[in-house]
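S.K.: Mind having a look at this structure? Questions to follow.
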Amino acid sequence: MKLRVWIEKNLMSYSHQPTQRPEYISPLFLAILRGYSVFIEVYGVQSTELKAFIVDKIEDLKARDIVELDVKEKSTITEYMVICSGTSKTHVKSIAEHVALESKNAGIPPLGIEGRDGSEWVLVDMGNVILHVMQDHTRDFYQLEKLWSDNHA
């Protein structure tokens, strides 16, 4: 994964007064404070490659009933959802943590992980792909496949 960063000057005026600044303030933060717009683009990993990576990692830990959903046309927050089941709270938590660890090792850290404490349903937000790891009864109750599928009535 690579980052491309560029900075543009806002059209609004700003005042800059030279001050003694601590060395730990990042140049990006200073650019924002001075009225510049900072754009950061993450590139190098395609959504389909990330989805395949996630599916491979959940298969490593024997996740069950894996479903891949393309939600590009239905969601503004992600392109794909991967839904799978674990056999117990421990299994659900292990699957999610395995994906988080392996993705971090590959240089693609998750944006967030939710639900680890209860482990009925753990969500791993990888940006363009969101992984839902659920216990069977939780998956049956929420029916995410039905909610996000093309055949949803």
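The values are calculated or read from the model by the stated rules, or taken from the named source; none is laboratory data. Just so it is clear, the structure is predicted and the values come from calculations on it, not from any experiment. Glycine also receives a Cβ, built like all others from the backbone with ideal geometry; neighbour counts cover every protein chain displayed. In case anyone asks, the SASA skips ligands and DNA or RNA and just uses the protein heavy atoms, side chains included. Shrake-Rupley method; radii C 1.70, N 1.55, O 1.52, S 1.80 Å.
S.K.: Considering S119, S103, which residue is in contact (Cβ under 8 Å) with a residue 12 or more places away in the chain, under 20 Å from E49 (Cβ atoms) and either surrounded by 14 or more Cβ atoms within 10 Å (Cβ to Cβ) or over 14 Å from the mean Cα position of the chain (by Cα) (or both)?
M.R.: S103
S.K.: May I pose another question? When you go through (1) open to solvent by less than 40 Å² (accessible area, probe 1.4 Å); (2) modelled with pLDDT of 85 or more; (3) not basic (K, R) one by one for G35, which number turns out not to apply?
M.R.: All conditions pass for G35, except number (2).
S.K.: Still on this structure, please answer the following. Go through segment 67-81 residue by residue and tally those that are more than 19 Å from F141 (Cβ to Cβ) and either touching a strand residue (DSSP E or B) at 6+ places or on another chain (Cβ under 6 Å) or part of a strand (DSSP E or B) (or both).
M.R.: 5
S.K.: Test of understanding: among S94, S88, S47, which residue is of a type in the set (G, A, S), surrounded by fewer than 13 Cβ atoms within 10 Å (Cβ to Cβ) and touching a strand residue (DSSP E or B) at 6+ places or on another chain (Cβ under 9 Å)?
M.R.: S88
S.K.: Within segment 135-152, identify whether any single residue is under 23 Å from E49 (Cβ atoms), touching a strand residue (DSSP E or B) at 6+ places or on another chain (Cβ under 8 Å), open to solvent by less than 80 Å² (accessible area, probe 1.4 Å) and part of a strand (DSSP E or B), and answer yes or no.
M.R.: no
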